[in-house]
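A short worksheet on the structure shown next.
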Amino acid sequence: MNVRKLRSDERELLKDFLYEAIFIPKGVKPPDRSIIYQPDLALYYEDFGSGPADTCLVAEVDGIVVGAVWTRIMNDYGHVDDETPSFAIALYKDYRGKGIGTSMMREMLALLRQQGYKKASLAVQKANYAVSIYEAVGFRIVDQNNEEFIMVCIL
């Protein structure tokens, strides 16, 4: 596995990984792929690369991109303030549970630290198994609503 920066010609992959990032509880039918074009989700990829915190790392296995972690400062579900990049992360199903996501997150946290950011945030549904993974890399629950935890990692 190789973790590297997303190339500008690969930005369309963010749409694929955004769809993969949608948590689908067991027994629930996945939403139609068109959901990623709704304004509250499109902000994760529209004009990506234009903001100072727009950073994306991808994981490659055998030359194929299988996962992505990206950040940007946006008014999304995990927004805590206008200086804190929000995280999004996803892997194709066949590559989950192998430590790839954890490696990508650690590399992204180190990169954000090098870039001078003080913290990073994310939102995750309470039922999502990834909560424990986020805690393992340093995120802590700072707020919650009926469905989600808002988590922050101090860099």
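Throughout, read-outs are computed from the coordinates displayed, never taken from laboratory work. Treat the numbers as computed from the prediction; the structure is a model and nothing was measured. Because the Cβ atoms are built from the backbone with ideal geometry, glycine has one as well, and the counts that use them run over all protein chains shown.
Among the residues of segment 58-76, which ones are crowded, with 17+ Cβ neighbours inside 10 Å and touching a helix residue (DSSP H, G or I) at 6+ places or on another chain (Cβ under 9 Å)? Show your work before the answer.
The initial filter retains those residues of segment 58-76 that are crowded, with 17+ Cβ neighbours inside 10 Å, namely 58-59, 65-74, 76.
Correct list: Val58, Ala59, Val65, Val66, Gly67, Ala68, Val69, Trp70, Thr71, Asp76.
Restricting segment 82-104 to residues that are of a type outside the set (S, T, N, Q) and under 12 Å from the mean Cα position of the chain (by Cα), which is farthest from Val124 (Cα to Cα)?
Met104
Suppose the filter is among the acidic types (Asp, Glu) and more than 13 Å from the chain's Cα centre (by Cα); does Glu107 pass it? Walk me through it before giving the result.
Numbers: among the acidic types (Asp, Glu): yes; more than 13 Å from the chain's Cα centre (by Cα): no.
So Glu107 does not fit the description; no.
Under the condition of being charged (D, E, K, R) and farther than 18 Å from Val65 by Cβ, which residue from segment 1-32 is surrounded by the most Cβ atoms within 10 Å (Cβ to Cβ)?
Asp32
Can you tell me which residue among Asp54, Asp82, Asp47 is more than 22 Å from Phe23 (Cα to Cα) and in contact with a Phe, Trp or Tyr (Cβ under 6 Å, 6 or more places away or on another chain)?
When all the criteria are applied, what remains is Asp54.
If we scan segment 109-126, do we find a residue that is surrounded by fewer than 18 Cβ atoms within 10 Å (Cβ to Cβ), under 24 Å from Gly27 (Cβ atoms) and touching a residue at least 24 places away in the same chain (Cβ under 8 Å)?
Looking for residues that are surrounded by fewer than 18 Cβ atoms within 10 Å (Cβ to Cβ), under 24 Å from Gly27 (Cβ atoms) and touching a residue at least 24 places away in the same chain (Cβ under 8 Å), one finds at least one in segment 109-126, hence yes.
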